[in-house]
Amino acid sequence: MTSDRVTKAVIPAAGLGTRFLPATKAMPKEMLPVVDKPAIQYVVEEAVAAGLNDVLMITGRNKNALENHFDRATELEYLLETKGDIDRLAAVHHSTDLARMHYVRQGDPRGLGHAVLRARMHVGDEPFAVLLGDDLIDTRDPLLERMIGVAGARGGSVVALMEVDPLTAHRYGIATVVRTRDDDVVRITGLVEKPPLGTAPSNLAIIGRYVLDPGVFPVLETVAPGRGGEIQLTDALQELVHVAPGVHGVIFRGRRYDTGDRLDYLKAVVQLAVDRSDLGPDFEPWLEEFIAARAELRSGRVGA
Ligand code: UTP
């Protein structure tokens, strides 16, 4: 039976994570801890918060850590139970009980489009959400619910867009757009994956959230390898731009962290840690002292 309601989330997590080597040699980058949770848990929690309890993860080599994280850990649970460590036991249970988790292997990581195509059997003929496993959207700035709403109202597929520094546009899929009556919604007229430096048609970059019409699957089957020899989701969406009802973008102005990038990863850890009630009150004053000491050292050096 087909439905217009979005109920399934697909989380590609099969990339090689080369920007984070050697940490990612034997472990997926999605398992890197952000404070005390792996990045992937934030992403699954975001899907669940948007009402998507059915989660399909696309995994690659080193998949075991991902599956184990969302599975029971009987020995650990027993140990915590006997110690009466209720808080940690609850934390361990939480990741197991979060969602109905499913897994499929990508085999060769031949690009994001290729990863999404692995979801075809599971998703069927329904719209679905895609959340990149290394991209964190701060829960205080919800995005996915808005995208699902826009897809429901306008039909077709919806991508999340963010204004980026034009000097970094070559690292993203970039959209050409026309405005709509909604301040945060645009209609997409063209998409290009990682345009060469200085050639980007705009500074609106695709970030790691999509609500996709199942019509994307047959396009992904036939789309030719693009940038980097990979099957690009951006190239498949470009083919759908001129097929009614087209592709829309929701412009996100909140906090987002690309945890696959080392600098962004560090920013994510610091920003989320200072806001934590259990760590922030100790961490933030230390951070301020650390920065002040660094500044003093620098001014001493300059004066010397
Ligand atoms: P990235 O381009 O950031 O992933 O893909 P990567 O190739 O692992 O990273 P680097 O550049 O080598 O460091 C964005 C998301 O798509 C997934 C990745 O796991 C990540 O969550 N992905 C990418 C796949 O699942 N399969 C692929 O073939 C490529």
**OP:** For the stretch 47-68, indicate whether the set of residues that are over 20 Å from the mean Cα position of the chain (by Cα) and in contact (Cβ under 8 Å) with a residue 24 or more places away in the chain is non-empty.
**Re:** no
Original post:
Can you pull out the residues in the stretch 146-157 that are assigned to a helix (DSSP H, G or I) and not β-branched (Val, Ile, Thr)?
Top reply: ARG146, MET147, GLY149, ALA151, GLY152, ALA153, ARG154
Original post:
Would the stretch 26-33 turn up any residue that is within 14 Å of the ligand (Cβ to nearest atom), surrounded by fewer than 19 Cβ atoms within 10 Å (Cβ to Cβ) and free of Cβ contacts under 8 Å to residues at least 12 places away in the same chain?
Top reply: no
Subject >> Residues (in a strand (DSSP E or B), surrounded by fewer than 15 Cβ atoms within 10 Å (Cβ to Cβ) and of a type in the set (Lys, Arg)) located in the stretch 175-194 >> reply: ARG179
**OP:** Can you give me the number of residues within the stretch 228-250 that are farther than 30 Å from THR180 by Cα and either more than 16 Å from the ligand (Cβ to nearest atom) or touching a strand residue (DSSP E or B) at 6+ places or on another chain (Cβ under 8 Å) (or both)?
**Re:** 0
Original post:
If you check every pair at least six apart or on different chains, which have Cβ atoms under 8 Å apart with a residue in the stretch 256-272 that is without any contact (Cβ under 8 Å) to a residue 24 or more places away in the chain first and a residue that is surrounded by fewer than 15 Cβ atoms within 10 Å (Cβ to Cβ) second?
Top reply: VAL270/LEU287
**OP:** Out of the residues in the stretch 1-22 that are surrounded by fewer than 14 Cβ atoms within 10 Å (Cβ to Cβ) and more than 6 Å from the ligand (Cβ to nearest atom), state the one that is nearest to ILE148 (Cα to Cα).
**Re:** ARG5
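One line per residue, one yes/no per condition, for (1) in contact (Cβ under 8 Å) with a residue 40 or more places away in the chain; (2) aliphatic (A, V, I, L, M); (3) over 22 Å from ALA47 (Cα atoms):
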residue	(1), (2), (3)
ASP125	yes, no, no
VAL130	yes, yes, no
ASP134	yes, no, no
ASP141	yes, no, no
ARG146	yes, no, no
GLY149	no, no, no
ASP184	yes, no, no
LEU204	yes, yes, yes
GLY208	yes, no, no
Original post:
In the stretch 158-174, is there at least one residue being closer than 19 Å to VAL250 by Cα, within 16 Å of the ligand (Cβ to nearest atom), assigned to a helix (DSSP H, G or I) and in contact with a strand residue (DSSP E or B) (Cβ under 9 Å, 6 or more places away or on another chain)?
Top reply: yes
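No lab work stands behind these numbers, since they all come straight from the coordinates. Small disclaimer: the values here were computed from a predicted structure and weren't measured. Because the Cβ atoms are built from the backbone with ideal geometry, glycine has one as well, and the counts that use them run over all protein chains shown.
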